[in-house]
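Heads up: the structure comes next, in structure tokens.
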Amino acid sequence: MTDAARTIVAQPLTAAAFAPFGRVIDTAEVASRPMNAGMARRFHDLAEIEVIGEGARVVVGLVEAQPYAVPLWLNLVERHPLGAQAFVPLNAAPFLVVVCPDEGGKPGAPQAFVTAPHQGICYARNTWHGVLTPFGAAQDFVVIDRGGPGANLEEHVFDEPWIVHLPVSR
Ligand SMILES: NC(=O)N[C@@H](O)C(=O)O
Ligand code: NI
């Protein structure tokens, strides 16, 4: 198969397009509700961190991520069978999100998205995804996912890489 057949173009991230794979973490997705006597407003239940298995915990971490070159050569995707995984950027910049449907236990063709500068994402448990992929500059994130014992990482290396381009209009 030629490179052309393995080339995809990332699309702007939308909740609808991402719905089969997880949730978009964005204040635009839910109505806010007042809290602290109106001194703050909360955008509630933007995503759920499902965790399963003995001793499973939901944990919060911080990530300092280096940028990847674009177009991205996607050789590997992974999934977490025991828990969901959310990434929320601490600085307003887009990042690349790549997900794949599951086809009999293996990833199908990737779908790539570019987030809006403030958006985060939550991969549903056991969803094939590329690793966290900032581009253009280093980027810091909050990560919320599963802690605890058990094998929570499954990786798949593609026979041929996929080449992921940013949308032309960027
Ligand atoms: N390993 C880790 O915490 N991150 C990956 O799961 C990822 O999705 O980037
Ligand atoms: Ni992951």
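The values are calculated or read from the model by the stated rules, or taken from the named source; none is laboratory data. The structure presented is a predicted model; accordingly, all values stated were derived computationally and were not measured. Glycine also receives a Cβ, built like all others from the backbone with ideal geometry; neighbour counts cover every protein chain displayed. SASA here: full protein model, heavy atoms, side chains in, ligands and nucleic acids out. Shrake-Rupley method; radii C 1.70, N 1.55, O 1.52, S 1.80 Å.
With all protein chains kept in place, the per residue accessible area of the chain amounts to 53 square angstrom at a probe of 1.4 angstrom.
When the solvent-accessible area of region 4-165 is split by element, carbon and sulfur atoms take up 55 percent of it, the probe being 1.4 Å.
Please report the antiparallel percentage of the DSSP beta bridges confined to region 4-165, to the nearest 5. The antiparallel fraction comes to roughly 90 percent. Net charge dipole, region 28-115: roughly 300 debye, given to the nearest 20, about the Cα centre with Cβ charges of +1 for Lys and Arg and -1 for Asp and Glu. Could you grab the Rg to Rh ratio for the chain? Cα atoms only, Kirkwood for Rh. Rg/Rh for the chain comes to 0.98. Summary of the geometry: region 1-55 and region 117-163, compared by the centres of their Cα atoms, lie 13 Å apart. Charge dipole (Cα centre; +1 on Lys/Arg Cβ, -1 on Asp/Glu Cβ; no other charges) of the chain amounts to roughly 520 debye. Projecting the Cα atoms of 44, 167, 13 onto the dipole axis of the chain, where Lys and Arg carry +1 and Asp and Glu carry -1 at the beta carbon, places 44 farthest toward the positive end.
Once C-alpha pairs closer than 8 Å and six or more residues apart are averaged by separation and normalised to the residue number of region 4-165, the relative contact order reads 37 percent. Here region 70-170 is described by how far its Cα atoms reach on the three principal axes: 38, 31, 17 Å, from widest to narrowest.
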